[in-house]
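J.: Just dropping this structure here.
The values are calculated or read from the model by the stated rules, or taken from the named source; none is laboratory data. Here the structure is a predicted model, which means the values were calculated and not measured. Please note: Cβ atoms are built from the backbone with ideal geometry, for glycine as well, and neighbour counts cover all protein chains shown. Just the protein is used for accessible areas: all its heavy atoms, side chains included, with ligands, DNA and RNA removed. Shrake-Rupley method; radii C 1.70, N 1.55, O 1.52, S 1.80 Å.
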Amino acid sequence: RGGKSLRILKFLAGRGRHQAPRDVLLEALWPEGDAEAAANRLRVAMHGLRRVLGPAAGSRDLICYKEGCYQLNPGGQVWVDADEFETLWRQGVGLERQGRLQEAAEAYVRAELLYGGEYLEENLYEEWTLLRREGLRDAYLDLLGKLASWSAAERDWGSCILRCQKIVEQDPCREDAYRLLMRCHAAT
């Protein structure tokens, strides 16, 4: 279903295991509305969302409300690709800092496979999606740059070219990616 219920689900999923205070949720979804009317709309949308999610949740509620905050049930079986992408990227960064480059590359490759494009691109103009979208995009460009450089160092020109092309698709102003791309084409 569309509408506010879907936006609420996206908002809560985007926050991961963090709670969303009721006021923050109201401000994000009904920024210019009457506070009382917005609170009523939130109750209606939450009821609809719980009704839709009920069969998937089984005996437990997927959305919890406690002390003025909403969140996805921490004990629920909810998997969010953006969270997994971020976890793999952070894992790769940590492994890279430890000098375990092969393991870091494996984590980066798994993260690269998860990146499906802009975060919530259907909600491109929602303010609450902007910071997460930019953060995920920056992480994606970071890991692509590292994988491209490592591929070039190993003389794996095809992989390097592919990753450089992905970089310039996302950011056409990345001069470093163009230079590496030209080096790879010259080498082949």
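J.: How big is region 106-188 by the Kirkwood estimate over distinct Cα pairs, in Å?
T.: Details: mean 1/r = 0.0745 Å⁻¹.
The answer is 13.4 Å.
J.: Can you bin region 3-56 into rounded, prolate or oblate? Criterion: square roots of the alpha carbon gyration tensor eigenvalues sorted a ≥ b ≥ c, rounded for a/c under 1.5, prolate for a/b above b/c, oblate for the rest. All intermediate terms of the calculation are to be shown ahead of the outcome.
T.: Working: a/c = 2.22, a/b = 1.29, b/c = 1.72.
It is oblate, given that a/c is not under 1.5 and a/b is not larger than b/c.
J.: Related question: So what is the accessible area of region 1-92 per residue, in Å², with the probe set to 1.4 Å?
T.: Working: 5470 Å² over 92 residues.
I get 59 Å² per residue for region 1-92.
J.: Determine the distance separating the Cα centre of region 126-188 from the Cα centre of region 24-50; give it in Å without decimals.
T.: Centre-to-centre distance over Cα atoms comes out at 40 Å.
J.: Okay, moving on. More than 20 angstrom separation, counting every C-alpha pair in the chain; what % is that?
T.: Details: 11029 of 17578 pairs.
Value for the chain (Cα pairs over 20 Å): 63 percent.
J.: Further question on the same structure: Output the DSSP H helices from the chain with an along-axis C-alpha extent of no less than 30 Å and a mean Kyte-Doolittle hydropathy no less than 0.0. Let's see the in-between values first.
T.: Details: long enough: 35-57 (32 Å, 0.16); 127-153 (40 Å, -0.14).
Those that pass (Cα extent of 30 Å or more, hydropathy at least 0.0) are 35-57.
J.: List the aspartates and glutamates whose Cα sits under 18 Å from the Cα of K66, skipping any in the same chain fewer than 8 residues away.
T.: Answer for K66, where 18 Å is the Cα cut-off: D23, listed by chain and number.
J.: Shifting gears a bit: Would you list which lysines come within 27 Å of K146, measuring only between C-alpha atoms, while excluding same-chain residues fewer than 8 positions from it?
T.: K166
J.: Same structure, new question: Just to be sure I follow: if Rg is taken over the C-alpha atoms of region 1-111 and Rh is the Kirkwood radius over the same atoms, what is Rg/Rh? Spell out each step's value before the answer.
T.: Working: Rg = 17.7 Å, Rh = 15.9 Å.
That ratio is 1.12, to two decimals.
J.: Out of all Cα-Cα pairs in region 83-133, roughly what percent, to the nearest whole number, are more than 19 Å apart?
T.: Beyond 19 Å sits 38 percent of the P(r) for region 83-133.
J.: Report, by chain and number, residues whose modeled amide H sits under 5 Å from the one on A20, excluding near sequence neighbours (fewer than 5 apart, same chain).
T.: Those lying under 5 Å, H to H, from A20 are Y70, Q71.
J.: Still on this structure: For region 23-90, which GluC sites (Glu not before Pro) are in a loop by DSSP, counting at most 14 other Cβ atoms within 10 Å?
T.: Details: sites: E27, E32, E36, E67, E84, E86; in loops: E32, E67.
In loop regions of region 23-90 (DSSP not H, G, I, E or B), the sparsely surrounded GluC sites (Glu not before Pro) are E32, E67.
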